[in-house]
1. Of all residues in region 133-152 being touching a Lys or Arg at 6+ places or on another chain (Cβ under 9 Å) and not in a loop (DSSP other than H, G, I, E, B), which is surrounded by the most Cβ atoms within 10 Å (Cβ to Cβ)?
2. Being more than 13 Å from Y133 (Cα to Cα) and acidic (D, E) is the filter here, so list the residues in region 32-63 that pass it.
3. Could you tell me which numbered condition Y124 fails, if it satisfies all but one of (1) of a type in the set (S, T, Y); (2) surrounded by 19 or more Cβ atoms within 10 Å (Cβ to Cβ); (3) at pLDDT below 65?
4. Say whether the condition of being under 18 Å from V138 (Cα atoms), surrounded by fewer than 19 Cβ atoms within 10 Å (Cβ to Cβ), modelled with pLDDT of 90 or more and touching a Ser or Thr at 6+ places or on another chain (Cβ under 8 Å) is met by at least one residue in region 54-71.
Amino acid sequence: MREKEGEGLKKFQGVVISGLVLCLAACAGGPEPMLRSNAKFQLQGREAAKLDVAACQQKAEAAGLKPGTPNRSGNVAAGAGLGLISGAAVGASSGLIGGVPGVTIGAAVGATLGVIIGSVGGAYRPLDPDPPYGDAVVRCLLEKGYDVSGWQ
C-alpha cells in the first residue's frame, strides 16, 4: 500500500514540474514599452516601430544600463514557489485530522492549488524596468518621435 502512495506522489510531482516548465517557457520575455498610435507610429508602421524600440533598448544597454526586471517567467516562478510552499503548509496542517495519509494528501492538494494560484498571480504582476533603463529607452523613443504610454 505504501509503495502505491509513493508512486502516486512521484507522478504528481512530475505533473507539477512539467506544468511549471511549460508555463515558464510560454511566459518568457521582458518588459517592452507600449507605444501610442501617433503620426510617427502610423507613418512607420508596427514593424519599424519594433525595430526602433529594439535599437533604443540596445542603446541603453550599451550605456551600461540593465533592464533589471525579471521577465514574466521569473514572476511566474516566484509566485509558483511561494504558492507551493504556503499551499503545502496549509494543506498539511488541514490534513492533521486524518493522520499521516491525511497530512500527505493535504500537502499534495495544497501544493497543487498553491502552484496554480501562485503561477497565475505571478503571470499578471506588472513588469517595470529599472528606472534609469526605462528613462533612457523612453527618452530615446521620444527623440525618435514616438509617444510611450507605459511598459508591458
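1. Only one residue fits best here, namely V137.
2. E47, D52, listed by residue number.
3. (2)
4. The answer is no, given that none of the residues of region 54-71 is under 18 Å from V138 (Cα atoms), surrounded by fewer than 19 Cβ atoms within 10 Å (Cβ to Cβ), modelled with pLDDT of 90 or more and touching a Ser or Thr at 6+ places or on another chain (Cβ under 8 Å).
The values are calculated or read from the model by the stated rules, or taken from the named source; none is laboratory data. Since the model is a prediction, treat every value here as computed from it, not as a measurement. Don't worry about glycine lacking a Cβ; one is built from the backbone with ideal geometry, like all the others, and counts go over all protein chains shown.
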